Amino acid sequence: MKVTSSEIVISAVKPEQYPDLDLPEIALAGRSNVGKSSFINKLLNRKNLARTSSKPGKTQTLNFYIINEVLHFVDVPGYGYAKVSKSERDAWGKMIETYFTKRRQLCAAVLLVDLRHAPSKDDVMMYEFLKHHDIPTIVVATKADKIPKGKWQKHMKVVRETLDKDPNDPLICFSSETGQGKVEAWSAIEHYTNL
Ligand code: GDP
């Protein structure tokens with residue numbers, strides 16, 4: 001998709017705050033620091049729309065972006081940050097459970113993992129949660145530029161096997177530094193949103 005406009009619509013914590021528009025929606029999830037903001041910025045050709053390396057522990061909100069007036073991205077707050085309190089973790093869980101189970105407009109999720117390492121226990125839990133709710137999931141393995149191209153296939157295999165990935169879910173090798181995988185990511189998003 002050729003992105004001609006993108007802006008943040010709202011930071012929401014509850015359904016009454018979700019945008020009341022009937023646009024296809026893609027939710028983006030991943031552990032803190034995986035490169036989710038960088039992925040969003042790269043896809044939208046923006047330097048700093050989604051805030052990179054925002055401090056964990058700040059208010060956790062679902063950030064809705066509107067793209068070309070036809071599509072929503074929903075930035076789900078990152079998980080797996082050790083210093084988060086139990087009550088914050090519980091609130092996060094409740095918020096994402098509500099969103100993923102109730103949002104009619106949701107077409108697919110993008111789950112970001114780090115290509116350099118096997119997916120964490122939290123990554124596996126997140127993927128299993130999405131599969132449990134029958135949400136098509138585009139798995140994006142980030143920071144590909146940090147390992148040599150010759151090792152990509154080996155690392156992709158670890159990602160696939162650790163997640164026990166459904167063969168129907170695409171796995172995309174991505175770098176926000178080089179733009180590797182950007183076209184593929186957009187194709188997958190267009191596929192699930194019928195755009
Ligand atoms: P978020 O917490 O998931 O939103 O992660 P950010 O997008 O803020 O990225 C975390 C850190 O990883 C930042 O220092 C980014 O510059 C870096 N980063 C993100 N994506 C990539 C990538 O594809 N390649 C490299 N080399 N660094 C990346």
## Note on the structure
Here the membrane-span-like helices of the chain, with no claim about any membrane, defined by DSSP H, Cα axial extent at least 27 Å and mean Kyte-Doolittle at least 0.0, are none
### Query
How much length, in nm to one decimal, is gained on full extension between E88 and S11, taken as 0.36 nm per residue of separation minus their Cα-Cα distance?
26.0 nm
### Task
Pop out the carbon and sulfur fraction of the accessible area of the chain as a percent, whole number, probe 1.4 Å.
50 percent
### Task
Please get the size of the charge dipole for segment 1-135, origin at its Cα centre, with Cβ charges of +1 on Lys and Arg and -1 on Asp and Glu, quoted in debye to the nearest 20.
540 debye
### Å² per residue, accessible surface of the chain at 1.4 Å
52 Å²
### Task
Just list whichever of K86/K149; K42/K94; K86/K151; K2/K146; K36/K149 have alpha carbons separated by over 32 Å in the model shown.
K86/K149; K86/K151
## Note on the structure
Spelling it out for T137: with amide H atoms placed in the peptide plane at 1.01 Å from N, the residues 5 or more places away or on another chain with amide H under 5 Å from its amide H are A109
### Query
So in segment 1-125, what percent of DSSP beta bridges are antiparallel if you round to the nearest 5?
50 percent
### Theoretical gain in end-to-end length, K121 to W186 [0.36 nm per residue, Cα-Cα removed]
20.7 nm
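The values are calculated or read from the model by the stated rules, or taken from the named source; none is laboratory data. Remember, predicted model here, so these are calculated numbers, not experimental data. Positions of Cβ are backbone-derived with ideal geometry, glycine not excepted, and every protein chain shown enters the neighbour counts. These accessible areas exclude ligands, DNA and RNA; they are computed on the full protein's heavy atoms, side chains included. Shrake-Rupley method; radii C 1.70, N 1.55, O 1.52, S 1.80 Å.
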